[in-house]
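Asker: Mind looking over this structure? Questions follow.
Values in this text are rule-based calculations from the coordinates and carry no lab data. Everything numeric in this text was worked out from a predicted model, so none of it was measured. Neighbour counts run over all protein chains shown; Cβ positions are idealised from the backbone, glycine included.
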Amino acid sequence: MNVEQCIKNANEAHASGTTAAAMQWLKQAGEFGDVNAALDYAYFSSRENPRKSVAFLEGVKCADNPVVQFHKLQIGYYGDVITNTKLVAKTLIALGNEGVIEAYLVALSYLPVNSTTFSYIASRVCHLAPNISKQLNLHSASQVTNDESLNQEVIEEISESLGRVYEPSKVLDTSLPINVYESLLSEYECHYLITKFSSLLQPSMIVDPRTGEGIIDSVRTSYVAVIEPSHCDWITRKLDKVISQITNTPRRNGEALNLLRYEPGQQYKPHYDGLNEINDGLMFKDGKQRTKTALVYLNTVDEGGETLFPKLNIRIVPRCGTVVVFSNSDKDGKLLLNSYHSGAPSISQNKWIVTKWIRECTTIYGNVVYGTYTKG
């Protein structure tokens, strides 16, 4: 038996619908040293036991491959196996130094954009991957050197940021409530999300209550990219984790992140995010009620584009990196009438946001990405 035969058997098992058998063949191919097979099996098995998944990646023939080490770190960190923030930070920088660009991109998400440390890592990205650097508007302000003191400063800043606890900047309404977190995301993170996932954009839809299927309607005129589990990376998981913390909800209860683009004149007319078990039957089955909504503004909109709560006479202006969280239902799952809201049309520029809806129970997305093991 060799790698090629294992992959062939895995494909045949997958085609016949026997996922467990397919994964066992991928496991064997991974043990033989096939990187993609090892990672596919590791992510699949991490849903139930990330500790065993990390141990598996430590034992395969390709264990020393820096890409494998990066994904082992990702599985370990988000599976609560690797909890030492300084070790996480140190490993990210070490992997970046070995040429794993994704590790550097992750590192940048934990550094202040206008800092020396951000510029230091950005210069390394510019040197190693100029095309990626250009797409992300990164600029090399310094010569590429291996500065041990800066390396240590980067590690300290990342470690501190990994342990950050977020508190609301202001509470606009205490009855709903509506919490506002200013500058929760950096300008870099906002641009990263737009750049990476905008190619997935499709016309936005609403749910037809008669069929449960998505339909295009004038109520919602925008474009949406659903960031499915297959597209998730460290930074989307980071956003999931942050939203989990500020909403005090488990990550496994979240729907997939939605990237939305509103062109000038496009809007989302007044609506509720909460669901009705009868009218939204098919959607309701995946996690039950939408208990909370998180809106992440990815750019500052100068004219229009506000989030409006007409029953509360509240108007929120989109500011880059700001996150707004509000409840849709009470503890009994009953719709909160004051959660009625809309997205006003932008006047002269695109409006970019990410939405995250939190359900009462585990969602399909949450189970696939985080399984049943996660603490939060």
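Asker: Which one, 79, 326, 165, is farthest towards the positive end of the dipole of the chain when Lys and Arg carry +1 and Asp and Glu -1 on their Cβ?
Answerer: 326
Asker: What FRET efficiency comes out for residue 202 versus residue 139 if R0 is 25 angstrom and r is the Cβ-Cβ distance? Round to the nearest 0.05.
Answerer: After rounding to 0.05, the efficiency reads 0.20.
Asker: On to the next question. Using a basic spin-label model with each label point 7 Å from the Cα along Cα→Cβ, how many nm lie between residue 303 and residue 182?
Answerer: Each label point lies 7 Å from its Cα, and together they span 2.5 nm.
Asker: Same structure again: Using a simple spin-label model with points 7 Å from Cα along the Cα→Cβ vector, what separation in nm is obtained for residue 348 and residue 195?
Answerer: So the label points at residue 348 and residue 195 sit 2.7 nm apart.
Asker: While we're looking at this one, here's another question. When the Cα centres of segment 303-367 and segment 1-42 are compared, how far apart do they sit, in Å?
Answerer: Cα centres, segment 303-367 to segment 1-42: 42 Å.
Asker: Round to the nearest 10 and give me the degree value, 0 to 90, for the angle of helix 3-15's Cα axis relative to the longest principal axis of the chain.
Answerer: Orientation of helix 3-15: about 30 degrees from the principal axis.
Asker: Also, I was wondering about something else. Could you go through segment 41-48 in sequence order and give the Karplus-derived ³J(HN,Hα) for each residue, using 6.51 cos²θ - 1.76 cosθ + 1.60 with θ = phi - 60°, rounded to whole Hz, and x for Gly and Pro?
Answerer: 5, 4, 5, 4, 6, 5, 4, 9
Asker: Can I ask one more? Take residue 241 and residue 35, extend 7 Å from each Cα along the Cα→Cβ direction, and tell me the distance between the two endpoints in nm.
Answerer: Once both label points are built, they end up 2.3 nm from each other.
Asker: Ignoring everything except DSSP H segments at least 4 long, calculate the 222 nm mean residue ellipticity for the chain; use -39,500 (n - 2.57) per segment, divide by total residues, nearest 500.
Answerer: The per-residue figure over the chain is -12500 deg cm²/dmol.
Asker: Right, something else. Say the dipole of the chain comes from +1 at the beta carbon of Lys and Arg and -1 at that of Asp and Glu; which of 371, 313, 198 then lies farthest toward its positive end?
Answerer: 313
Asker: Quote the relative contact order of the chain in percent (integer), defining contacts as alpha-carbon pairs under 8 Å separated by 6+ residues.
Answerer: Relative contact order here is 15 percent.
Asker: Give the angle, between 0 and 90 degrees and rounded to the nearest 10, that separates the Cα long axis of helix 116-128 from the longest principal axis of the Cα atoms of the chain.
Answerer: Result, in degrees: 60.
Asker: Pull out the extension gain between residue 87 and residue 285, defined as 0.36 nm times the separation in residues minus the alpha carbon to alpha carbon distance; nm, one decimal.
Answerer: 67.3 nm
Asker: Could you please state, rounded to a whole Å, how far the C-alpha centre of segment 250-266 is from the C-alpha centre of segment 168-199?
Answerer: When both Cα centres are located, 12 Å separates them.
Asker: Given a Förster radius of 22 Å and the C-beta distance between residue 337 and residue 269 as r, what FRET efficiency does 1/(1 + (r/R0)^6) yield to the nearest 0.05?
Answerer: It comes to 0.85.
Asker: If you don't mind, another one. Does anyone have the angle between helix 234-247 and the longest principal axis of the chain? Alpha-carbon axes, 0 to 90°, nearest 10?
Answerer: 40 degrees
Asker: Now for a different question. Output the direction-averaged projected area (hull surface divided by four) of the convex hull of the alpha-carbon atoms of segment 3-162, in nm².
Answerer: Working: hull surface 41.2 nm².
Result: 10.3 nm².
Asker: Only Lys, Arg, Asp and Glu count, each charged at its Cβ (+1, +1, -1, -1), so figure out the dipole size of the chain about its Cα centre, rounded to 20 debye.
Answerer: With Lys and Arg at +1 and Asp and Glu at -1, about 620 debye.
Asker: How high is the FRET efficiency from residue 278 to residue 175, r the C-beta distance, R0 25 Å, rounded to 0.05?
Answerer: 0.40
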